[in-house]
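The values are calculated or read from the model by the stated rules, or taken from the named source; none is laboratory data. Just so you know, these numbers come straight off a predicted model, no measurement behind them. Here the Cβ positions follow ideal geometry from the backbone for every residue, glycine too, while neighbour counts run over all protein chains shown.
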Amino acid sequence: MSNRAKLLVSVLFIAVIILCIGLTRFYFDVTKNTGTIGTENQVDHIIRSVGGKRIFRSPSGFCGVLDENNAVIIEPEWMEIQDLTDRLVIVSKRINDTVLIGGIDYEENVVLPFVYRSITSIGEHYKVGIVAEDETCIIYNNDYRPALFRSYDTVSYENDMLVLGVGEDQFTYYVGNDVPALRDASLSCSIGDKTLNWRVGNATYLKDLKEIDLRRMNTCVESYMDMLIRNDFTDLVQISSGDYLTPLTKPGSFTDLKISKAGGFSLNRAEMGSDVYVFSFVLNCEPADPASETPAQTVQVQLSFRRNAENSMILTSAGLDYQSAEKPAPTEAE
């Protein structure tokens, strides 16, 4: 064998030895946070235990988590550790001079975004997260999965009743069980320049109608009334989802009228056991021109809703009942 070949073999042999040493150190490194050895330098004191896991604070002041074998499973990199579940850990950290709360899994991947200024318990089954940027509220179950799939402006809780607000609308849920149950809803509906405030508290109806159904109905009423007042129904297909909508009103019915009041709301099933709901209310209308001889009108509006194939509430028919509401002539003073 030539000297050059011997040199090459020696170099390769040395490289193999170095690689083996490196692999040995990698697999048997006792300073890594995957075993019980070496945790003494990371743990200053135990804060509390949750199940078989323990939340600890390190000498540097940050928090981590130990498992039942005293192994570090969450590195001490967090300002606080608020809660542990089987799938995630609720932690806080400073981001751009603001302390924000979020959730990570046990591989330290972010699974709940760091957008909350607080996450607190509501009763035994739920949590409420307050978003730091806009103060909106999101409701989670105890496993930090969304319990209600939207955000709210306000939240209050008392005696297992959770009251959630969006603008002028309010929804009251019973949260004494692990499935929230809608118990009361009040919504504000814009009709021209007037407002119809309506409420549903019927327990039988609220077993079938979810919050999203009521909000959808409210949107359809607003859209339909806007088209009615403008006498332009070109957008009707968007709220009726292509279903046939019966004739809506007389041509130009509202062209010389203005709405002075909206009220008298009711919500009923079309008939016993039916899946059709009739949304009714009364409009008090006056002549748009005070000098007009057109009499005042009381208009009974009835809008029928049912679910389509996609399980969305849609407007399927509408009826208007115009009644004269002329004011009696004034009597002379005695």
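Values for this structure:
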read-out	value
Residue identified as modelled with pLDDT of 90 or more and either farther than 17 Å from CYS189 by Cα or outside the structural domain of ASP169 (by TED's automatic domain parsing) (or both) among ILE259, ILE229, ILE239	ILE259
Residue, modelled with the lowest pLDDT, within segment 40-61, restricted to residues that are over 18 Å from ASP86 (Cα atoms) and assigned to a loop (DSSP other than H, G, I, E, B)	GLN42
Filtered residue count, segment 87-107, keeping only those that are outside any strand (DSSP E or B) and either under 23 Å from the mean Cα position of the chain (by Cα) or free of Cβ contacts under 8 Å to residues at least 24 places away in the same chain (or both)	6
Residue check, ILE104 farther than 26 Å from THR154 by Cα, in the same structural domain as GLY167 (by TED's automatic domain parsing) and surrounded by 16 or more Cβ atoms within 10 Å (Cβ to Cβ)	yes
Selected residue (only one of TYR173, TYR144 is crowded, with 16+ Cβ neighbours inside 10 Å, in contact with a strand residue (DSSP E or B) (Cβ under 8 Å, 6 or more places away or on another chain) and in a strand (DSSP E or B))	TYR173
From the options LEU162, LEU187, residue that is among the aliphatic types (A, V, I, L, M), surrounded by 14 or more Cβ atoms within 10 Å (Cβ to Cβ) and within 20 Å of THR219 (Cα to Cα)	LEU187
Test result for TYR126, over 29 Å from GLN42 (Cβ atoms), in the same structural domain as ASN159 (by TED's automatic domain parsing) and modelled with pLDDT of 95 or more	yes
Unique residue being part of a strand (DSSP E or B) and more than 18 Å from ARG216 (Cα to Cα) when the list is VAL282, VAL278	VAL282
Residue in segment 196-208 that is of a type in the set (Gly, Ala, Ser), over 15 Å from ALA318 (Cβ atoms) and not in a loop (DSSP other than H, G, I, E, B) present	yes
Selection count where residues are modelled with pLDDT of 85 or more and assigned to a strand (DSSP E or B), scope segment 292-334	22
Residues (out of contact with any helix residue (DSSP H, G or I) (no Cβ under 8 Å at 6 or more places or on another chain) and either surrounded by 19 or more Cβ atoms within 10 Å (Cβ to Cβ) or at pLDDT 95 or above (or both)) located in segment 62-72	PHE62, CYS63, GLY64, VAL65
Lone unmet requirement of (1) closer than 18 Å to GLY319 by Cα; (2) in a helix (DSSP H, G or I) for ASP243	(2)
Test for GLU211: is it among the charged types (D, E, K, R) and more than 27 Å from ASN311 (Cα to Cα)	no
Residue match in segment 171-191 (condition: under 30 Å from GLN300 (Cβ atoms), of a type in the set (Lys, Arg) and modelled with pLDDT of 95 or more)	yes
